Amino acid sequence: MRWSFAQAIERFDLHLRAERSLSPHTVRAYLSDLRQFAALCRAKTPAQLRPDDVRRFLAERHAEDAPASLGRKLAALRAFFRFLVRESVIAADPSAGIPAPRTPRRLPRPLAVDDCNVLMAPPARPASAASGGTKAAAARAAPSWAELRDAAMVELLYGAGLRVGELVALDVRDVDVTHGEVRVLGKGGKERVVPLPAAARAALAAWLAPRRRPGVLGEPLFVALRARRGELPRRLDARDVRRRLAQRALAAGLADRVHPHRLRHSYATHLLDMGADLRAIQELLGHASLSTTQKYTAVSAERLVAVYDRAHPRARAAKRPAQ
């Protein structure tokens, strides 16, 4: 079978979306990597590729890309070549035996529990808005529509450890406030049910209460604006969530940068610190491999060492300079 590079990439795109159910972000990244590779090898067809072509591509990208990006490019090429071998377009994988670049070990950086509690707290209001006994004053003191939504978002990110892509993909029907659980479609099209803590259930109930009407179950859980009559509300995207979370962290006075995945790291680390089983955390996070979840044990160990260094008399004595 003879395919041009353009035909091979087009068929591979269909394979990723239809058969492997990869996230749109991963598909875009893989296709971008393959187009870079195709531009370098534009005089060749996929059947003419050799291991030297792959090595030359990685060597040329070395000056531009971080080791993690180079590793992803090699992963994209390997998936592409495996697909071409399966389709009998090429006889062997030219990336076989090429080692992935070494990437520095980066541990998750969870927030402290106190910082999470500050972030979850409702934003402070001016004293004039909360004071007074009139109905107008009471209306000003009530949370706004956007505040109810944002409170539910942050409680769900931290209380259920969701990825931001999983969060924005939720519909109203995916949340069961009564039984305290959320049905999540994770990576690879794998579905899981995650229990909700009481605070997340309360925040979601407050957010959904004003939206009770026929047909709401099929609507996005988190929407950008109130829809006009006859219009469907716009689903929030990942960029919206990151921006709103950063604004909330700034208003709460948190100095550290806060993003959705950091709340997921905090969720897992705090569960582990409180004695949760690693296998249970793996299921809650939707990790395919336990090795992915095990990075949180290293985080907890480092936290224990830091606590020891701060609190134990012998640790402090060891750090005193000699007289």
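Give me the count of lysine pairs in the chain whose alpha carbons sit under 22 angstrom apart, restricted to pairs 8 or more positions apart or on different chains. So the count of such lysine pairs works out to 4. Converting the Cα gyration tensor eigenvalues of the chain into ellipsoid dimensions via √(5λ) gives semi-axes, longest first, of 43, 30, 18 Å.
Charge dipole (Cα centre; +1 on Lys/Arg Cβ, -1 on Asp/Glu Cβ; no other charges) of segment 49-127 amounts to roughly 120 debye. Model label sites at Thr292 and Asp256, defined 7 Å from Cα along the beta-carbon direction, differ in position by 2.2 nm. Each label was represented as a point 7 Å from its Cα along the Cα-to-Cβ direction; for Ala59 and Ala205 these points are 6.5 nm apart.
Among 287-294, 87-94, 168-175, sorting by the average number of other beta carbon atoms lying within 10 angstrom of each residue, highest first, gives 168-175, 87-94, 287-294. Divide the volume of the convex hull around the Cα atoms of segment 188-273 by the residue count and you get 168 Å³ per residue. Sorting Trp145, Trp3, Trp207 by the number of Cβ atoms found within 10 Å of their own Cβ, with the fewest placed first, yields Trp145, Trp3, Trp207. Given their separation in residues at 0.36 nm each and the Cα-Cα distance between them, Asp273 and Gln48 gain 75.7 nm when the chain is fully extended.
The calculated Kirkwood hydrodynamic radius for segment 5-86 is 13.0 Å, given to one decimal from all distinct C-alpha pairs. For the chain, the longest principal axis of the Cα atoms and the long axis of helix 5-18 meet at an angle of about 40 degrees. Across segment 103-112, rounded Karplus estimates of 3J(HN,Hα) from the backbone phi angles (6.51 cos²θ - 1.76 cosθ + 1.60, θ = phi - 60°) give 10, x, 6, 10, 8, x, 10, x, 7, 5 Hz, Gly and Pro being marked x. The calculated FRET efficiency for Ala280 paired with Arg2, based on their beta-carbon distance and R0 = 41 Å, is about 0.20. Helix 24-40 against the longest principal axis of the chain: what's the angle in degrees, Cα atoms only, rounded to the nearest 10? It is inclined by approximately 30 degrees.
Read-outs throughout are calculated quantities, based only on the coordinates presented, and are distinct from any laboratory measurement. Computed from a predicted structure; not experimentally measured. For neighbour counting, all protein chains shown are included, and Cβ atoms are generated from backbone atoms with ideal geometry for every residue, glycine included.
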